[in-house]
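Everything below concerns the one structure shown next.
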Amino acid sequence: MTLSTQPAIGLQLNEEQETLRRAVRDLCSRFPNSYWRELDAQEGYPDDFVKTLTDAGYLAALIPEEFGGAGLGITEAGIILEEINRSGGNAAACHAQMYIMGTVLRHGSAEQKRRYLPEIASGALRLQAFAVTEPTAGSDTTKIRTMAVRQGDRYVINGQKVWTSRVQHSDLLLLLARTSAQAEEGDKTFGLSTILVDLRQAAPGMIEVRPIHTMMNHETNEVFFHDLEVPVENLIGEEGRGFRYILDGMNAERILIAAECIGDGRFFIERAVQYSSERVVFGSPIGKYQGVQFPIARAYAAIAAADLVRLQAAVLFDAGQKCGAEANLAKLLSSEASWQAANASMDAHGGYGFAKDYDIERKFRETRLYLTAPVANNLILAYLGQHVLGMPRSY
Ligand SMILES: Cc1cc2nc3c(=O)[nH]c(=O)nc-3n(C[C@H](O)[C@H](O)[C@H](O)COP(=O)(O)OP(=O)(O)OC[C@H]3O[C@@H](n4cnc5c(N)ncnc54)[C@H](O)[C@@H]3O)c2cc1C
């Protein structure tokens, strides 16, 4: 049974987008759930899957053709990530290779784009780690303390990041660091800068990586910088304006995370429908009982509604229009809908939902992340309250 992924008229996907969806679905079918399950058990990285995806050009979807990418939009990138998660996979292992380069593309110099983008497009260079979050600042990014002090033609970097994902599978890291103290008054976002760190060039001991073991298979780390030297030419854009550059990339990230949640939601619903149609208890398939059927139908409705908002956000983004409200709504609604679908599916599977062989508990753990990261949903609600509804700021 395959549920329709067709949105309402007006936000309908075109033939090329449908072809793309089918092609990604086909690729994912070569990586069955047993593949992801074994990696989950070993906390392994999906090297084969990422290589196959890279070789097919999908991770270069958002890189313009002049730099060797596919020159596609966020709508198409979202379809790719959605299909990975819908198949039972976990796009978080590599999704950032698609969008971190956006900071270089939008704010980098011509030389930086020429140097990095073609190699990122081919997969020869992995830029899939970004270090923003710090233990003491948390969601309050302007309070970060990692310092990059200019000394001649180098920055000398000291400080600590936390939750830096995929750093062990990346060549470059996009770092947000403070290049001057936070202003007492006025623009509190000034003084932060984005710097591209070439992890391969760091001298031994300058970068210390301590893995964090999480409830799902997600390579994430504490990262410590000890007098790390980085050439000044690795600064992206203007010194002090890095917070704006990071904000710029957030709409894209939120829309793509929403797409992954939609994929997760569809996975859960398809599995729940299938299982509850086959499992017979008290003489009937359990899917006949409304106590089982209605939570699945309700989660399906939530996913369908969230999908429309995410497509609306993606279409606006690709048209170069403002989409902050839609991107935030899409992330909020999709992460809640996938969590709703996860619970409905878990319930429908009864005890078997807890058995690893059914993949429900694995995906349940994976999709839970998106209520909290890359931005906690409370912060999205604050954005909606303050920036969309014009209510008073709480922080
Ligand atoms: C697996 C994983 C991978 C991650 N990968 C990366 C990565 O690659 N790079 C990176 O930079 N970061 C990464 N993160 C960090 C992630 O972005 C943060 O965890 C997230 O933004 C929340 O920050 P925090 O954990 O410090 O929570 P806190 O900011 O401490 O928040 C804790 C709780 O308080 C609530 N809260 C805080 N302030 C307010 C407020 N003003 N109003 C209402 N509620 C509030 C939050 O909603 C949350 O529920 C990752 C996190 C995880 C768990």
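The values are calculated or read from the model by the stated rules, or taken from the named source; none is laboratory data. Everything numeric here is computed off the predicted structure, so don't read it as measured data. Backbone-built Cβ (ideal geometry, glycine too); neighbour counts: all protein chains shown.
Mind checking whether some residue in segment 238-261 is outside any helix (DSSP H, G or I) and within 18 Å of the chain's Cα centre (by Cα)? Write out each step before concluding.
So in segment 238-261, the residues outside any helix (DSSP H, G or I) come out as 238-241.
Among the residues that remain, those that are also within 18 Å of the chain's Cα centre (by Cα) are: none.
Checking segment 238-261: not a single residue is outside any helix (DSSP H, G or I) and within 18 Å of the chain's Cα centre (by Cα).
One residue alone among 61, 92 is hydrophobic (A, V, I, L, M, F, W, C), within 21 Å of residue 163 (Cα to Cα) and in contact (Cβ under 8 Å) with a residue 24 or more places away in the chain, and that residue is 92.
Suppose we filter 273, 292 for residues that are in contact (Cβ under 8 Å) with a residue 60 or more places away in the chain, surrounded by fewer than 23 Cβ atoms within 10 Å (Cβ to Cβ), of a type in the set (A, V, I, L, M) and part of a helix (DSSP H, G or I); which single one remains? Give the steps one after another, and end with the answer.
Numbers: 292 fails: in contact (Cβ under 8 Å) with a residue 60 or more places away in the chain.
After applying the criteria, what remains is 273.
Among residues of segment 200-232 being free of Cβ contacts under 8 Å to residues at least 60 places away in the same chain and assigned to a helix (DSSP H, G or I), the one that is surrounded by the fewest Cβ atoms within 10 Å (Cβ to Cβ) is 200. Selection of segment 151-169 for residues being farther than 24 Å from residue 105 by Cα and surrounded by fewer than 16 Cβ atoms within 10 Å (Cβ to Cβ) yields 151, 152.
For residue 133, are the conditions met, namely being assigned to a loop (DSSP other than H, G, I, E, B) and touching a Phe, Trp or Tyr at 6+ places or on another chain (Cβ under 7 Å)?
Values: assigned to a loop (DSSP other than H, G, I, E, B): yes; touching a Phe, Trp or Tyr at 6+ places or on another chain (Cβ under 7 Å): yes.
Spelling it out, residue 133 is indeed assigned to a loop (DSSP other than H, G, I, E, B) and touching a Phe, Trp or Tyr at 6+ places or on another chain (Cβ under 7 Å).
When segment 184-199 is filtered for residues that are assigned to a strand (DSSP E or B) and more than 22 Å from residue 47 (Cβ to Cβ), the ones remaining, listed by number, are 192, 193, 194, 195, 196, 197.
Give the number of residues within segment 362-378 that are hydroxyl-bearing (Ser, Thr, Tyr) and within 11 Å of the ligand (Cβ to nearest atom). Lay out the reasoning, then the answer.
Taking segment 362-378 as the starting set, the residues that turn out to be hydroxyl-bearing (Ser, Thr, Tyr) are 367, 370, 372.
Pick out the ones that are also within 11 Å of the ligand (Cβ to nearest atom) and you get 370, 372.
Of the residues in that region, 2 qualify.
In summary, helices (runs of 4 or more DSSP H) completely within segment 52-111 and bearing 2 or more residues that are aliphatic (A, V, I, L, M) and more than 18 Å from residue 310 (Cα to Cα) occur at 101-107. Apart from one condition, residue 297 fits all of (1) within 16 Å of the ligand (Cβ to nearest atom); (2) farther than 24 Å from residue 133 by Cβ; (3) of a type in the set (A, V, I, L, M, F, W, C); the exception is (1). Here residue 355 meets each of (1) without any contact (Cβ under 8 Å) to a residue 40 or more places away in the chain; (2) surrounded by fewer than 17 Cβ atoms within 10 Å (Cβ to Cβ); (3) out of contact with any Asp or Glu (no Cβ under 8 Å at 6 or more places or on another chain) with one exception, condition (3).
Considering segment 278-289 alone, what residues qualify as being in contact with a strand residue (DSSP E or B) (Cβ under 8 Å, 6 or more places away or on another chain), within 10 Å of residue 348 (Cβ to Cβ) and assigned to a helix (DSSP H, G or I)?
At the first step, the residues of segment 278-289 found to be in contact with a strand residue (DSSP E or B) (Cβ under 8 Å, 6 or more places away or on another chain) are 278-279, 286.
Subsequent filtering for residues that are within 10 Å of residue 348 (Cβ to Cβ) retains 279, 286.
Passing the criteria: only 286.
Residue 343 meets all of the listed conditions (1) touching a helix residue (DSSP H, G or I) at 6+ places or on another chain (Cβ under 7 Å); (2) free of Cβ contacts under 8 Å to residues at least 60 places away in the same chain; (3) surrounded by fewer than 20 Cβ atoms within 10 Å (Cβ to Cβ) but one, namely (1).
Screening residue 311 on (1) within 16 Å of the ligand (Cβ to nearest atom); (2) touching a residue at least 60 places away in the same chain (Cβ under 8 Å); (3) aliphatic (A, V, I, L, M) shows it passes everything except condition (1). Does segment 297-310 contain at least one residue that is among the small types (Gly, Ala, Ser) and in contact with a Leu (Cβ under 6 Å, 6 or more places away or on another chain)? Taking every residue of segment 297-310 in turn, at least one turns out to be among the small types (Gly, Ala, Ser) and in contact with a Leu (Cβ under 6 Å, 6 or more places away or on another chain).
Selection of segment 121-159 for residues being under 22 Å from the mean Cα position of the chain (by Cα), within 20 Å of residue 202 (Cβ to Cβ) and more than 11 Å from the ligand (Cβ to nearest atom) yields 124, 125, 126, 127.
Closer than 30 Å to residue 111 by Cβ, at pLDDT 95 or above and either of a type in the set (Val, Ile, Thr) or within 16 Å of the ligand (Cβ to nearest atom) (or both): which single residue out of 235, 247, 256 fits that description? Please lay out each step first, then the result.
On the way: 235 fails: either of a type in the set (Val, Ile, Thr) or within 16 Å of the ligand (Cβ to nearest atom) (or both); 247 fails: at pLDDT 95 or above.
After applying the criteria, what remains is 256.
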